[in-house]
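A short worksheet on the structure shown next.
The values are calculated or read from the model by the stated rules, or taken from the named source; none is laboratory data. These numbers come from a predicted model, not from an experiment. Positions of Cβ are generated from backbone atoms using ideal geometry, with glycine treated the same way; all protein chains shown enter the neighbour counts. Areas reflect the complete protein model, heavy atoms only, side chains present, ligands, DNA and RNA absent. Shrake-Rupley method; radii C 1.70, N 1.55, O 1.52, S 1.80 Å.
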Amino acid sequence: LKLPDDETIELFAEPKVDGLSISLRYENRRLVHGATRGDGNTGEDVTANIRTISEIPVNLPADAPDVVEVRGEAYISKTNFLKLNKRQDEKGAKVFANPRNAAAGSLRQLNSSITAKRPLQFFGYAWGETSEPIGDTVQNIRQRFSDWGFKINEPSELCTSADELFSYYDKIGNLRSDIPFDLDGTVYKVNKVNWQVRLGQVSRSPRWAIAHKFAAQQAETLLNEIVIQVGRMGTLTPVANVEPVSVGGVLVSR
């Protein structure tokens, strides 16, 4: 940024939600399109399904721009995930491995009436195309989204040093089990939007934001046997069969 040495750079820190990235397009303050992130250029059209999520406003208030793209995360809370799997089990249907898979599977249903029965929720905290500026900082824009009726991923914090960022990371890590939704780390963003524009991005990664992932979760289990699999070309691959153990919401047995 080539700023003076005494210039303070505000960094906005927020939880990294482990869900499914969604982009919502509003024209004349009405929801007209919803899509998954896909490969970053082309995503899946999930408009009919996202309309069933009560936390996504169908209409925005009069102070919203004519065109605005709200980006965020569709997710299923930990409590609702357990209830959903219990219902699936009672019906003899497939149970989901973790909340993220459940959210992704629910949004990709061809029948939106099935999606409507799933306890999907949504955090709106980022933006894409807008016909006019909606704020000069991440903090201000998040507040506008909240005023428009979107839920925001919290707890967040405004930091001004690396030490404050690490302190926030440790705090979120300690709160991880008590936070009602799954998260896999924290995200830090340069707070000023005009500085974000100056920094730009490299390939698909912004130069004004970075994710700080949590360490992989670990668990101990019992090794029952090692089976040697033989590939088509004669390659031998050892596979460990273990007592099933839950790691990060996924049941691992091999």
Query raised in the report: For the range 141-254, list the strands (runs of 3 or more DSSP E) that sit wholly inside it and hold at least 2 residues that are within 30 Å of T42 (Cα to Cα) and free of Cβ contacts under 8 Å to residues at least 40 places away in the same chain; which are they?
Result: 209-213
Requested in this report: Take V138 and decide whether it is among the aliphatic types (A, V, I, L, M) and open to solvent by 50 Å² or more (accessible area, probe 1.4 Å).
Outcome: no
